[in-house]
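For reference, the structure discussed in these notes is given below.
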Amino acid sequence: MGTTSAPETDGAVETRGIEPVPDHERQGRVRELFPTWVAANISVLLLTMGAALVVTNGLNFWQVLLVAAIAATVAFGMVGVLSVSGKWGGAPGALLSRAAFGVRGNYFPGAILWVARFGWETINAVTGAYAVLTVLNLLFGVKSNNVLVVVTLLAFVACTFLVSGLGRKALNVCNKYSTYLFGLFSIMVLVYLVATMDWHAVFAKKAGTTAMVIAGIGTIAAGGISWVPTGPDFTRYLPHSASGRKIVGTTVSGAALVLVPMVLMGGVLAVSEPTLAAGNTDPMSFLGGALPIWLAVPYLITALVGMVLINSLSMYSAGFTAQTMGVKLPRALAVSINAAISLVGGLFMMLVAKDFIGQFITFLTLLAVSFSAWIGVYGVDMARRRRMAVRYDADSLMNTGRGSRYWYTGGFCWQAMTAWAVALAAGLCFTKVQWFTGPLATTWVGKNGLGWAATILIAAVIFAVLPAPRETDPATGRPAAAPQPAPVG
């Protein structure tokens, strides 16, 4: 199977699917990543999570700031580093992952990543629908009911499907202008808080424990970790000459620009509005009481646009995952699967389930562990390819048969599969959520919420110490000769 496809055009809809981008179409710029990662963090849920750091974790102002800064740097530092593989192979992370796990082995971590995407998109869809309901209540006094819930959720998912279906160019334009709008209203909120908050009460709060600081970092970082496998999706149009350091720096700075002040604002608001951290069914309604209507409404509308873009970015990548998993649909239509599932899941959460925030934190915890096992293996595979100067073979990435360089043994790289499976099981053992407690959840790692970090480390160490996998020679079907390391310097 080759990599030929219709060339990317200047049209409104991106036509390219998972196939690697040829060099002559690599016209992207690193600076385009900045608004992408700004938009990926425009979520009012960060306010709620910041409030939880104060109310639940017992942290003070400076500790919340520290937690937000470290979480943004660690999570999106990993996003940036693994995004570099996108410019190496010109392909989405879900496809490049075949080189690490084997063309058949990749289905297993791919399936978990795909399912996790469903959950993430459902959470965002529900949050967006609640934002619409809150705006309608503030402006027109319209109270929520089941019919309105269905209509608002359907409208949100439809907008998400439209933007994600249009593809990279549409996302870049939307991300750029949403960054300006959200930045403007965020500054207005900050000015309002500076003028009206009881800062003596804010700074009088005692510091929390170190354990709660560490646990808070894990909770805030979990959202960023969920973007790591999709990082290469947004760098595949970059030329080979693009600076890896600039990719990392732009990714971290774009995310931190929104994440840090949003979490900090949530922590500050929690001093006067502690219910912001409560497990209410509706996580958006607090803004009506915390901010004046003239500020709450435009801020919510701007945040709503941001949440549409977050979901659009996620569904954009989910389309690639679907194609990698064997869905025989163009990328623009493949995202419809995730749209439909997020709609059904959103209706369940809004009409049936309770304790939205509790479910959200549970989901983030499990999400971080499930993605972390993949991160550990993929990161070691990247490091080996960099050291050996062996990047990715485009034809073999698209070839799922014995003629692929990534066939290994029966289509599986047993070293990668072993490391991934053991790390995933270990990570779950360290995890404690509402309805599940692992046998190692009471250890230091478990109590400090570091199951995700342990999962990455275990996966990376196991994959690194096992015999290095040998890619398959397409001509003979046997292991290829080991490449010589690239000269240093």
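The values are calculated or read from the model by the stated rules, or taken from the named source; none is laboratory data. Computed from a predicted structure; not experimentally measured. Every residue, glycine among them, receives a Cβ derived from its backbone with ideal geometry; neighbour counts consider all protein chains shown. Keep in mind that these areas ignore ligands, DNA and RNA; they rest on the heavy atoms of the full protein, side chains included. Shrake-Rupley method; radii C 1.70, N 1.55, O 1.52, S 1.80 Å.
Computed from label points 7 Å out along Cα-Cβ, the spacing between Val344 and Val115 is 1.5 nm. For the stretch 365-489, taking the reciprocal of the average inverse distance between every pair of different Cα atoms yields a Kirkwood hydrodynamic radius of 15.9 Å.
Excluding ligands, DNA and RNA, the accessible surface per residue across the chain is 39 Å² with a 1.4 Å probe. Highest average first, the peptides 246-252, 191-197, 50-56 ordered by how many other beta carbon atoms sit within 10 Å of their residues are 50-56, 246-252, 191-197.
Packing here is the average count of other Cβ atoms within 10 Å per residue, and on that basis the peptides 228-238, 381-391, 337-347, 71-81, highest first, run 228-238, 71-81, 337-347, 381-391. The angle separating the long axis of helix 356-388 from the principal Cα axis of greatest extent in the chain is about 30 degrees.
Checking the Cα-Cα distances for Lys206/Lys447; Lys87/Lys176; Lys205/Lys246; Lys176/Lys246; Lys328/Lys432 against a 28 Å cut-off, the pairs over it are Lys205/Lys246; Lys328/Lys432.
With R₀ fixed at 35 Å, the C-beta to C-beta distance from Lys328 to Arg245 puts the FRET efficiency at about 0.35. The stretch between Ala201 and Leu66 holds 46.7 nm of extra length on full extension. This uses 0.36 nm per residue minus the Cα-Cα distance. Taking the longest Cα principal axis of the chain as reference, the axis of helix 168-196 is set at about 30 degrees.
Contact order for the chain, expressed relative to its length and based on alpha carbon pairs under 8 Å spaced 6+ residues apart, stands at 30 percent. Computed from Cα atoms, the angle from the helix 146-166 axis to the main principal axis of the chain rounds to 40 degrees.
Take the solvent-accessible surface of the protein heavy atoms, probe 1.4 Å, and return the percent of it on the chain that carbon and sulfur atoms account for. Accessible surface attributable to carbon and sulfur in the chain totals 68 percent. Entry note, the chain: the mean residue ellipticity at 222 nm calculated from DSSP H runs of n ≥ 4, each adding -39500 (n - 2.57), is -22000 deg cm²/dmol after division by the residues and rounding to the nearest 500.
Backbone geometry of the stretch 334-341 corresponds, through the Karplus equation with coefficients 6.51, -1.76 and 1.60 at θ = phi - 60°, to 3J(HN,Hα) couplings of 4, 5, 5, 4, 5, 4, 5, 5 Hz, x marking Gly and Pro. For the chain, the orientation-averaged shadow of the C-alpha convex hull comes to 22.6 nm² (one quarter of the hull surface). The label point for Ala475 and the one for Trp444, both projected 7 Å from the Cα toward the Cβ, are 5.4 nm apart. Full extension of the segment from Asn137 to Ile293, taken as 0.36 nm per residue of separation minus the current Cα-Cα distance, would add 55.1 nm.
Please list, ordered by chain and number, the residues whose modelled amide H lies under 5 Å from the amide H of Thr409; skip anything fewer than 5 residues away on the same chain. Close amide H contacts, sequence-distant or interchain: Trp414. Once the Cα-Cα distance is subtracted from the 0.36 nm per residue extended length, the Thr418 to Leu466 segment shows a gain of 16.3 nm. Measuring only protein heavy atoms, the 1.4 Å probe finds Glu25 accessible over about 30 Å².
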